[in-house]
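Read the figures in this text as sums done on the coordinates, not as results from a lab. It should be emphasised that the depicted structure is a prediction, and the values quoted were computed from it without experimental measurement. Glycine gets a Cβ as well: all are built from the backbone with ideal geometry, and neighbour counts include every protein chain shown.
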């Protein structure tokens, strides 16, 4: 292909790559939502029961958060105007971090623009050439990218395999670094809840293995925040491991209902991140409306525990009914419930048919998951009612029978 002025287009290969994705059923069109987030949404001009949102507690439309946002805009305007290290640190940023630290049971917290930037900020900041990162094979892409930005070598252990983890740690302590000498830091990194499979990391075993060999543990609790632990404090609280996990990463973009991420840990960790974490140093801070929404969400999570209880009641019902119908839901233990399809073409076809039936459940295909592990990734929330869940289950039943995917 040539450009308008007759010269070859050096970017023409992108057309071929997009065409290749379409041929392999790996192209995912963006679905356009024209309504507020919620259990019922308007997508591509259709009203659908949504099973594709991370809004676990239904806080995106909670009246207390709405009121907090409007007040913040009136008081502080729509933007912060700078990065935190120049003129972008408002008192409300510091107040949110103090409240998050108290909520997480850690000495300090630093907020970031997203959970992704939190991981790509903290991992390369605390690790270097003399260190070792040990990662679960199914950790989130942000952890993988954070490791790539670090100069530290890395080892990968099979998903949730604590025995294999211990073997890696034992060998690392015994043999030391490739260039000679001991590792300054061995950092074991795991998701708390795995975002595609919905299973919970075996965190007690991971922590015990790390302690046995002098390693530190980092947990990304993006999908455990608001879901596990007291009032949604996460996997560390869920397992009673306070004081034994060095770094906790969380998100403010899922159950918290707004936008952002954070790193919780020691005061020294916070201080070094403010000096060296590149996403923190080179990105404008969260606007006042976002900060206010996050602060109010923390209060709601603690003052309205019935939201978390309803989330789990809906989860247990929906998961059990999918399994009763004969669907394979993998190893999920949380509101993330995969419905396994196998190949990407089937996943896309099933999702499209569900939309015809009035249900929005997005397919997940390679490279997010293995090519033969394509699935629909469903999440129910505290905001779903029984009639909406039953409507969705009936649609799954009809489409599953039509496509021959129901196993029992």
Take residues that are without any contact (Cβ under 8 Å) to a residue 24 or more places away in the chain and tell me which of the helices (runs of 4 or more DSSP H) falling wholly in region 31-130 contain 1 or more. 63-76, 91-104
Looking only at region 326-342, how many residues end up being surrounded by fewer than 19 Cβ atoms within 10 Å (Cβ to Cβ) and farther than 17 Å from residue 401 by Cα? 3
Here are 101, 108, 152, 164: which of them is under 30 Å from residue 368 (Cα atoms), touching a strand residue (DSSP E or B) at 6+ places or on another chain (Cβ under 8 Å) and buried (at least 19 other Cβ atoms within 10 Å of the Cβ)? 152
Across region 243-292, the tally of residues that are surrounded by fewer than 18 Cβ atoms within 10 Å (Cβ to Cβ) and more than 27 Å from residue 78 (Cβ to Cβ) stands at 9
